[in-house]
Amino acid sequence: MDMNTNTAQETATTVADSFLKSLSLLEQAHRRLHDVVKDDLERSGERNLTGVQALLIYEIGEDETPASALRARGAFAGTSLSYNVKKLQEGGYLNQVRSKVDKRTVHLSLTERGLKVRKRVESLFDKQAVALEPTASVRHDDLNHLNKTVSRLERFWSDQIRYRL
């Protein structure tokens, strides 16, 4: 085996190992985010929501949002979205209304209770953003690099599906 072939194999192994480690870290970070949000809500006395549901409330925002927009953002799977929207409506956190123009379209909006939770999550994110650099040594450039890399991964995976690669 010549030197170039050996180097190419080592590089491929290094990329594969790093890729698998990244997948694991992304999943762990995602789960931990749910835990942090849930913990913060519980500390404020809100014990009826999961971290997923609180993040869904945050994503819906302060204005009316079509459920399809949440699916398109890729943050929530279809079944999970339907289940959580139902639970949030039953809990008094949001309203859902069918479009008069297109009966297949459902519009979501937060109730006062939902808006209160959204403000709580927003406040948590603001507090954490300020604490990132002094507490975790995570700088603005680090986050920009992370965002660029994760965006490239997402585009890579979308292309895998779209072009059946």
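The values are calculated or read from the model by the stated rules, or taken from the named source; none is laboratory data. Just so it is clear, the structure is predicted and the values come from calculations on it, not from any experiment. Quick reminder, even Gly has a Cβ in these numbers, built from the backbone with ideal geometry, and neighbours come from all protein chains shown.
Is there a residue in the stretch 45-63 that is surrounded by 14 or more Cβ atoms within 10 Å (Cβ to Cβ), touching a His at 6+ places or on another chain (Cβ under 9 Å), at pLDDT below 90 and not in a loop (DSSP other than H, G, I, E, B)? Checking the stretch 45-63: not a single residue is surrounded by 14 or more Cβ atoms within 10 Å (Cβ to Cβ), touching a His at 6+ places or on another chain (Cβ under 9 Å), at pLDDT below 90 and not in a loop (DSSP other than H, G, I, E, B). Quick check on my filter: what residues within the stretch 103-127 are farther than 23 Å from Asp63 by Cβ and in contact (Cβ under 8 Å) with a residue 40 or more places away in the chain? None; the set is empty. Checking each residue in the stretch 128-157 for being more than 18 Å from Leu20 (Cα to Cα) and surrounded by 11 or more Cβ atoms within 10 Å (Cβ to Cβ) picks out Gln128, Ala129, Ala131, Leu132, Glu133, Val138, Arg139, Asp142, Leu143, His145. Would it be correct to say that Ser99 is in contact with an Asp or Glu (Cβ under 6 Å, 6 or more places away or on another chain) and among the small types (Gly, Ala, Ser)? When the stated conditions are applied, Ser99 does not pass them.
Search the stretch 122-165 for residues being over 24 Å from Val37 (Cα atoms) and among the hydrophobic types (A, V, I, L, M, F, W, C), and hand back the single one that is farthest from the chain's Cα centre (by Cα). That would be Leu165. Exactly one residue out of His30, His34 is surrounded by 14 or more Cβ atoms within 10 Å (Cβ to Cβ) and not aromatic (Phe, Trp, Tyr): that is His34.
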